[in-house]
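Inspection log for the structure reproduced underneath, given as structure tokens.
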Amino acid sequence: MKKIYSVFVLTLIFCSSIFSQQFNQIAAVSEKGYDVLFYKAIGNDNGGPKRLLVYYGNKDNEEYVIYDKDGKFISKYNVGEKITRSGNFFFHKNKLYVLGKKLYTLDLASLKLTSTNYNFPAENYKILEISESEPDDLLLAGTESAVDIYDLKTFKKMFTINREVTQKYARPSVQADGIVVFLNKQNELAGFSIKDKKIIWKLNAGTAKITMLGISLGSYNDPLGHYVIYKDKNNYYLYSCTGGGHLYKQDLLTGKVLLEKKSFKGTGNNAGMLTSLYLEDMNKDGVLDLVGAAVDDNMYCLNGKDFSEIWEYDTDNEHQMPLALYDINGDGIKDVFGVNDYDNILSIVDGRTGKLIKNINVKEGKSFFQTFPVVEDFNELGYINMMVKTASGSLRIYKIKLAGKS
């Protein structure tokens, strides 16, 4: 059956009077009968501008489509089956892998698609993660009860890490410096040594209070939410947050807690329940700060020295999707992009002050929908591109003129 692609060029222009920036929606790309699953800027082996990779899917099939920076169609790659679940596709060393009945590999430089037969039970796993550091080329495949470690080159299982308590909603595991960090219990992270093949540390977050309208309703096991690894010179650190708003910084190798703050936003309903976690130096003091969105309607910027609040921005609705960070006002600090739930208002917030730069309404229809922005420099001096999918199944492409650029 012939596939149809479409590009709609638009001329809607938004202007920010504060920074004299332009926010132009230049295109909306779509595939008839398909939904946008994910989108990413990719390099160009000819040295030219980056290109846009959009991965589409419907109930029967999935496909990759490559566009140029302005949304003009370049090429299409048909997968031929419906396979995508959370974690069944991943990027590693400039390649996109998709695990279905076959292993599909798209080289992001040459745009060559290959498929190979392999013996790997991808359907058994809820979460698949790739190790990007030593020991390299590891696939961390998570089930409700365990994390299996595979050699990515051969898909041979190396060993299994069993969780102490089965997890219905297992978080992705992460690995660096030979330590695999995984969710051992709902409220407990554990560090597993690949060399020693054993758990070498545990972090238990304990319980959190349930408060509604100032009334205590008891407590619950405080679930570990998001966790990220950061390397500073020769040392690795683990940052994590919980549903109750607890924050931790640990030494990855020993598990020692270096910094901790309980309920940074208090104990109110959903207070400080971060749904994303990013590390950036937002006040230029040489220490990484925490940036994240939360179920309590806010975006937060928290000081990396003591987890105190630098700023918060009220998005007027829950915020459970990823953020994007990019400096668009030229002050040397990355600004924060995010789309709230329900209203689908895309807010661009000054990373230094937490003040609003621009709101853009990306909502289509009345149904509940969640989406997120991707912001990339497509090698255009003075401009960046911002992409966000909509409820209609299209991907809007915006061009943003950076402040102070001619």
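For this structure, a couple of remarks:
- Extension gain from residue 233 to residue 331, taking 0.36 nm per residue of separation minus the Cα-Cα distance: 32.7 nm
- Between the amide H of residue 378 and those of 385, distances stay under 5 Å, these residues lying 5 or more places away or on another chain, with hydrogens modeled in the peptide plane.
- Applying the Karplus relation 6.51 cos²θ - 1.76 cosθ + 1.60 with θ = phi - 60° to segment 324-340 yields 3J(HN,Hα) values of 10, 10, 6, 7, 10, 9, x, 9, x, 10, 5, 8, 10, 10, x, 10, 7 Hz, where x marks Gly and Pro.
- Mean separation of Cα pairs under 8 Å and 6 or more residues apart, divided by the residue count, gives segment 69-108 a relative contact order of 27 percent.
- Summarising the amide proton neighbourhood of residue 236: residues at separation of 5 or more, or on other chains, whose placed amide H is nearer than 5 Å comprise 252, 253.
- Sorting the segments 356-365, 332-341 by their mean number of nearby beta carbons within 10 angstrom, highest to lowest, gives 332-341, 356-365.
- Overall dimensions of the chain as given by Cα atoms, namely Rg and Dmax in Å: 21.7, 62
- Segment 230-359: C-alpha gyration tensor shape, a/c 1.5 cut-off, then a/b vs b/c: oblate
- Whole-angstrom Cα spans of segment 73-116 along principal axes, big to small: 25, 22, 20
- Per residue value of the accessible surface for the chain (all protein chains in place, 1.4 Å probe), Å²: 45 Å²
- In the chain, the portion of solvent-accessible area held by carbon and sulfur atoms comes to 49 percent [1.4 Å probe, whole percent, DNA, RNA and ligands not counted].
- Note on surface exposure: 115, 308 rank 115, 308 by accessible area, highest first, 1.4 Å probe.
- Over 27 Å apart at the Cα level, from the set 112/334; 40/102; 112/156; 101/126; 76/156, are 112/334; 76/156.
The values are calculated or read from the model by the stated rules, or taken from the named source; none is laboratory data. In this text the structure is predicted, and so the values were computed from the model without any measurement. Note that each Cβ is placed from the backbone with ideal geometry, even for glycine, and that neighbours are counted across all protein chains shown. Surface accessibility is based on the protein's heavy atoms, side chains included, excluding ligands, DNA and RNA. Shrake-Rupley method; radii C 1.70, N 1.55, O 1.52, S 1.80 Å.
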